[in-house]
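First comes the structure, then the notes that go with it.
The values are calculated or read from the model by the stated rules, or taken from the named source; none is laboratory data. Just so it is clear, the structure is predicted and the values come from calculations on it, not from any experiment. Note that each Cβ is placed from the backbone with ideal geometry, even for glycine, and that neighbours are counted across all protein chains shown.
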Amino acid sequence: MAEARCIIFDLDGTLIDSDRALIEPFLQLGVSLSEVTFGHPVQDECERLGFSVEEYLAAYDASSVQPFPGVAEMLDALTRWSICSNKARTSGLAELNRLGWAPETAWFAEDFGWKAKELTPVLAALGVAPEDVCFVGDTPHDQQCAAEVGCRFAWAGWNPRTLAASPQGVVLARPGDLFDLVDLRG
């Protein structure tokens, strides 16, 4: 078991079961379900599908998402945790506030200039080195983010979509399994 000073989480599909909420605005805007993909910056997906972020956000219901079972208890047990997400800040903060979650820092699409998220500025803001961090996510892009900075990565296998993809590497079956992977002494 390796020591970690901080856990950084992706938000959608990792901490919150938001797949349907993310898809619904596109469906309302006339996009076929088969055209929608996950893990991209919201700006990129909107542009690819022919809509503005503003149109998408107007149709997004931040009140419809819930945490995956066991996530709230896991977060309550952590002393240092943060968010690094491709989600738009307004909906991300609305969800965090509604759930009563207070990460040390939360980085969203706007913080990355609407480009794909990256961990380098998040690590700098937290004052931690890559070897002191574990990033938990649900997409290949999340795994790539961790690899780019050299930190540990674990798959949020409690998301059925993630598990169905048979990801390579460390897959956590339940949120509490994180405590078997890393020693979270601060």
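Entry remark, segment 61-71: residues being part of a loop (DSSP other than H, G, I, E, B) and modelled with pLDDT of 95 or more number 3 in total.
Restricting to segment 77-105, give me the number of residues that are more than 20 Å from ALA21 (Cα to Cα) and at pLDDT 95 or above. The qualifying residues number 6. State yes or no: is GLU55 acidic (Asp, Glu), farther than 21 Å from GLY137 by Cα and out of contact with any strand residue (DSSP E or B) (no Cβ under 8 Å at 6 or more places or on another chain)? Considered against the rule, which asks whether it is acidic (Asp, Glu), farther than 21 Å from GLY137 by Cα and out of contact with any strand residue (DSSP E or B) (no Cβ under 8 Å at 6 or more places or on another chain), GLU55 comes out as yes. Looking across segment 1-42, the residues that are more than 16 Å from the chain's Cα centre (by Cα), touching a residue at least 24 places away in the same chain (Cβ under 8 Å) and either assigned to a loop (DSSP other than H, G, I, E, B) or under 22 Å from GLU55 (Cα atoms) (or both) come down to MET1, ALA4, ARG5, GLU24, PRO25, PHE26, GLN28, LEU29.
Selection of first residues in segment 157-186 that are closer than 11 Å to VAL136 by Cβ and of second residues that are surrounded by 14 or more Cβ atoms within 10 Å (Cβ to Cβ) and β-branched (Val, Ile, Thr), restricted to Cβ pairs under 6 Å at least 6 apart or on distinct chains, gives the following pairs, ordered by first then second residue: GLY157/VAL171; PRO175/VAL71. Identify all residues within segment 115-138 that are in contact with a strand residue (DSSP E or B) (Cβ under 9 Å, 6 or more places away or on another chain) and of a type in the set (Val, Ile, Thr); write none if there are none. Within segment 115-138, VAL122, VAL128, VAL133, VAL136 meet the criteria.
Within segment 8-22, none of the residues are more than 21 Å from THR139 (Cα to Cα) and either β-branched (Val, Ile, Thr) or out of contact with any helix residue (DSSP H, G or I) (no Cβ under 6 Å at 6 or more places or on another chain) (or both). Remark: pairs (first residue in segment 81-110, touching a residue at least 40 places away in the same chain (Cβ under 8 Å); second residue among the small types (Gly, Ala, Ser) and in a helix (DSSP H, G or I); Cβ separation under 6 Å; 6+ apart in sequence or on different chains) = SER85/GLY92; ASN86/ALA109; ALA88/ALA109; GLU95/ALA62. Based on this model, can you work out whether GLU54 counts as over 29 Å from PHE153 (Cα atoms), exposed (fewer than 15 other Cβ atoms within 10 Å of the Cβ) and modelled with pLDDT of 90 or more? Here the answer is yes, as GLU54 does meet what is asked. The lone criterion from (1) part of a helix (DSSP H, G or I); (2) out of contact with any helix residue (DSSP H, G or I) (no Cβ under 6 Å at 6 or more places or on another chain); (3) in contact (Cβ under 8 Å) with a residue 12 or more places away in the chain; (4) more than 19 Å from VAL42 (Cβ to Cβ) left unmet by MET74 is number (2).
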